[in-house]
Amino acid sequence: MTALTRKTLALRAMRFLRLRVARRFARQNDGAAAVEFGLVAAPFLALVFAIMETAVVFFAGQTLETAVADSARLIMTGQAQTQGFDQAKFKTEVCKKIFGLFNCSAGVQVDVRTYTSFSSVDLTKPIDANGNLVNNFTYAPGGPGDIVVVRLLYQYPVYVSLLGLNLADMAGGKRLIVATSAFRNEPYQ
């Protein structure tokens with residue numbers, strides 16, 4: 001055998017070994033699941049947290065809606081007016097109906113207004129151009145037969161923002177949750 005033939009055989013053997021190693025490497029899939037999970041984990045977890053936070057914000061809104069419906073009945077039936085409730089006393093009654101989800105005494109704002117007609121009711125969110133809450137809330141429960149709107153407002157912190165879909169509508173990453181009850185007071189004595 002000549003030197004050229006030996007060299008050619010050695011090169012062919014090396015190529016064959018390289019191909020064999022490459023094929024063996026290509027067939028190996030021991031770490032494939034870990035790599036695939038690594039690629040999918042971040043978007044999956046972000047989606048799970050966004051869904052959970054959306055559910056919590058929805059639940060907080062429903063809790064506030066229940067509290068405003070129950071508390072507004074005190075004004076509609078004249079109990080708040082005949083017992084001399086002011087805004088602080090009415091807020092105390094509201095806070096008795098809200099449990100554990102948020103800090104009622106420090107965070108919930110109460111706005112009670114009297115209107116001349118249902119068409120004149122203003123339900124715009126009290127947020128300025130910078131995303132800050134405009135605190136011009138009053139307590140005017142009206143008298144028998146008056147049209148009254150009771151609003152409870154809470155600034156709920158939002159932590160997860162997914163794909164540009166952010167629940168926050170205020171400065172500081174907060175969402176203003178507003179629960180409203182509009183009614184005509186009963187003709188109480």
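The values are calculated or read from the model by the stated rules, or taken from the named source; none is laboratory data. The shown structure was predicted, so the numbers you read here are calculated from the model rather than taken from an experiment. Using ideal geometry, Cβ is built from the backbone for each residue, glycine included, and neighbour counts are taken over all protein chains shown.
A few comments on the model shown:
- Selection status of F25, surrounded by 10 or more Cβ atoms within 10 Å (Cβ to Cβ), at pLDDT below 95 and among the hydrophobic types (A, V, I, L, M, F, W, C): no
- Residues in the range 92-115 that are β-branched (V, I, T) and either modelled with pLDDT under 90 or touching an Asp or Glu at 6+ places or on another chain (Cβ under 9 Å) (or both): V94, I98, T114.
- Single residue of F44, F102, F58 found to be within 18 Å of L176 (Cα to Cα), out of contact with any strand residue (DSSP E or B) (no Cβ under 9 Å at 6 or more places or on another chain) and free of Cβ contacts under 8 Å to residues at least 60 places away in the same chain: F58
Yes/no per residue for (1) under 21 Å from R175 (Cα atoms); (2) not β-branched (V, I, T):
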residue	(1), (2)
M76	no, yes
A80	no, yes
F90	no, yes
C104	yes, yes
R113	no, yes
I127	yes, no
N130	yes, yes
N136	yes, yes
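- Taking the range 68-90 as the range and being over 22 Å from the mean Cα position of the chain (by Cα), surrounded by 19 or more Cβ atoms within 10 Å (Cβ to Cβ), more than 15 Å from P144 (Cα to Cα) and of a type outside the set (G, A, S) as the test, the residues that pass are F85, F90.
- Residues of the range 39-86 that are within 25 Å of Q189 (Cα to Cα), among the β-branched types (V, I, T) and assigned to a helix (DSSP H, G or I): V68, I75, T82.
- Note on the range 117-136: residues that are out of contact with any Pro (no Cβ under 8 Å at 6 or more places or on another chain) and either surrounded by 10 or more Cβ atoms within 10 Å (Cβ to Cβ) or polar (S, T, N, Q) (or both) amount to 13.
- Pairs, first under 15 Å from T180 (Cβ atoms) in the range 125-140, second among the β-branched types (V, I, T) and loosely packed, with under 14 Cβ neighbours inside 10 Å, C-beta under 6 Å, six or more apart: P126/V134
- Residue in the range 130-148 that is in a helix (DSSP H, G or I) and at negative phi present: no
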